[in-house]
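Scroll down for the structure; my scribbles are underneath it.
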Amino acid sequence: MLGISFVTMLVALDQTVVGTALPTIVAELRGFELYAWVATSYLLTSVITVPIFGRLGDYYGRKPFVIASIVVFTGASVLCGMAHDMLFLVLARGLQGIGGGMLVGTAFACIPDLFPDSVIRLRWQVLMSSAFGIANAIGPSLGGFLTQYYGWRSVFYVNLPVGLLSLVFVMRYLPHLRHVEHTGKMRLDWPGAVLIAASLGCLQLFVEMLPKHGLSASAIALFVVSVASAYVLWQWEKRFPQAILPIDMFRNKSLSALFTLSVLGGFSMFSLLFYAPLLFQGGFGMSPKEAGLVITPLVVFITIGSIANGRIVSRIRNPNAMLYVGFTLLAISCAGIVVTTRSMPTSILMTLMVLGGLGLGFVMPNLTVFAQQTAGREHLGIATALLQSLRMIGGMIGTALTGTLVTDLYVGGVRDTLSRNGATAWLHDLGDPQILINHDEQTTVLGQLAHAGHNGALLLEAARESLVSAIHLGLALAAVIAVVSIWQSRRVPPVKLTRQVEPAILAD
């Protein structure tokens, strides 16, 4: 459990540290058009690899894949720290996503391997939640501190010692268990993996292209390829004996409802995690360190909520009620951020982050435990992996939609302001939100505007207001999705947490 907890810490630390540092990274590497892709390239490759290795873990045991995933993830983190431009960083994040997908697809399913009894499993998950909480507690502040004093590259290098520690514990102590008997060599569903990549990749490109270029021929073509790939995938998986996506799982009413909630929850969660730091730094003028401190309650209370949930959910008559409570708190948090202003006290911002964290803490562990309870031993790994993968799909769509919405609205607002003031020559400089974070560049542009007879401070403030309005609208969409999630929670049939013990096979 300590080994698995360190692995959890590795993933959690990366997510929270990078989110805080991202605005500074974009300001230095110059490429705001790829801002969303730093997140979505990681999510896209993770989405593809999670179900593949979740299925392989069911058949061959999870230990060798956990070890391989730590090596890939840690190595890719080093490459991210060495990035010299945004494209290199996006590609390195894609490789990191492969390692992260392997981690999520195998490490998280190790818990029910070790503890088949769902009630006992909830108690032991406190250890895992605590590791997640430690990483989340120090992540945003650490990201802001490292970015401000040691440069943004250090936020990736911090994964190196954690990765090495994880590797030592997993290699030495994690047992090699498997739960599915098989003879001969298992056929891996490579056509299914390719079709997943085609469908989700084209969907991602379509979502990003639509707000910028409208329904152009290329956008329509991408959407058609995405839908066609999804249809062919569905038909293929019906016939393939060892499908990555077992179709019978989607016919299960309880599992399909949980999968839907995972997508919706991922949409709101990742939109909040990636664009709240940009709002606080670019829109409200906070330093990376200050923004990290404000974001910290969000990730800390995910853990506190998870621990509290473990104590509550096994003691109440209707465990499903926790889903309603969790999504309600998440909706309040997102809606609250939409009405925030720069003059609002920090305590109110942090309170909204607390509510969002508690909401996610009540939702995420229950979706996982409910799915594991429903799927059965043979599909344990793939059910856990699919739940994580679908959350990432929701996150991918959420960050892409929010990102393109923010970019389009911000540039439009700045263009209108500059046109009214006869300063359209500076659209290239002010049209990229990185200037709101990069103080050196601000000084240069303000000097140029003053020399040309313009009030540069006023134009810069107008650009800041445009960014705030754009992010507010993007997070309003996340709030609407959270409200939809409350309504969708009624589709989950009543779940009973029962005590059960099933034998596993010790592979070595």
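The values are calculated or read from the model by the stated rules, or taken from the named source; none is laboratory data. Fair warning: this is a prediction, and the values are worked out from it, not measured in the lab. For neighbour counting, all protein chains shown are included, and Cβ atoms are generated from backbone atoms with ideal geometry for every residue, glycine included.
Looking across the stretch 308-334 at every residue that is under 24 Å from residue 141 (Cα atoms) and in contact (Cβ under 8 Å) with a residue 60 or more places away in the chain, the one that is surrounded by the most Cβ atoms within 10 Å (Cβ to Cβ) is identified as 330. Determine if the stretch 43-66 includes at least one residue that is within 17 Å of residue 146 (Cβ to Cβ) and polar (S, T, N, Q). No; the residues of the stretch 43-66 include none that is within 17 Å of residue 146 (Cβ to Cβ) and polar (S, T, N, Q).
Of all the criteria given as (1) buried (at least 22 other Cβ atoms within 10 Å of the Cβ); (2) within 20 Å of the chain's Cα centre (by Cα); (3) of a type in the set (Ser, Thr, Tyr), the one not satisfied by residue 410 is (2). Residues in the stretch 330-363 that are farther than 22 Å from residue 292 by Cβ and either of a type in the set (A, V, I, L, M) or outside the structural domain of residue 265 (by TED's automatic domain parsing) (or both): 5 in all.
Quick check on this structure: which one of 315, 391, 342 is modelled with pLDDT of 80 or more and out of contact with any helix residue (DSSP H, G or I) (no Cβ under 9 Å at 6 or more places or on another chain)? Only one candidate qualifies: 315. Taken as a whole, the condition of being more than 28 Å from the chain's Cα centre (by Cα), in contact (Cβ under 8 Å) with a residue 40 or more places away in the chain, farther than 30 Å from residue 44 by Cα and outside the structural domain of residue 104 (by TED's automatic domain parsing) applies to residue 418. Here residue 436 fulfils each of the conditions (1) at pLDDT below 85; (2) over 30 Å from the mean Cα position of the chain (by Cα) apart from (2). The one condition from (1) within 26 Å of residue 34 (Cβ to Cβ); (2) touching a residue at least 40 places away in the same chain (Cβ under 8 Å) that residue 105 does not meet is (1).
Comparison of 58, 14, 85 shows that the only residue that is of a type outside the set (Lys, Arg), touching a residue at least 24 places away in the same chain (Cβ under 8 Å) and more than 28 Å from residue 281 (Cβ to Cβ) is 58. For the stretch 252-289, the set of residues classified as closer than 19 Å to residue 344 by Cβ and outside any helix (DSSP H, G or I) consists of 284, 285, 286, 287, listed by residue number. Within the stretch 345-372, being of a type in the set (S, T, N, Q) and either modelled with pLDDT under 90 or buried (at least 23 other Cβ atoms within 10 Å of the Cβ) (or both) holds for 346, 366, 368, 372.
Only one residue in 474, 447, 456 is over 26 Å from residue 337 (Cα atoms) and either surrounded by 15 or more Cβ atoms within 10 Å (Cβ to Cβ) or in contact with a helix residue (DSSP H, G or I) (Cβ under 6 Å, 6 or more places away or on another chain) (or both). Which one?
Working: 474 fails: over 26 Å from residue 337 (Cα atoms); 447 fails: either surrounded by 15 or more Cβ atoms within 10 Å (Cβ to Cβ) or in contact with a helix residue (DSSP H, G or I) (Cβ under 6 Å, 6 or more places away or on another chain) (or both).
Checking each option against the conditions leaves just 456.
Of the residues screened, residue 21 is not one that is within 21 Å of residue 277 (Cβ to Cβ) and surrounded by fewer than 24 Cβ atoms within 10 Å (Cβ to Cβ).
Being at pLDDT 75 or above and polar (S, T, N, Q) is a condition met by no residue of the stretch 203-213. The set of residues in the stretch 279-293 being within 16 Å of residue 341 (Cβ to Cβ), of a type in the set (A, V, I, L, M) and in contact (Cβ under 8 Å) with a residue 60 or more places away in the chain consists of 279, 291. Residues of the stretch 428-449 that are among the charged types (D, E, K, R) and either free of Cβ contacts under 8 Å to residues at least 12 places away in the same chain or in a helix (DSSP H, G or I) (or both): 429, 440, 441.
Is it true that some residue in the stretch 485-492 is at pLDDT below 85, of a type in the set (Val, Ile, Thr) and under 30 Å from residue 391 (Cα atoms)? No, the conditions are met nowhere in the stretch 485-492.
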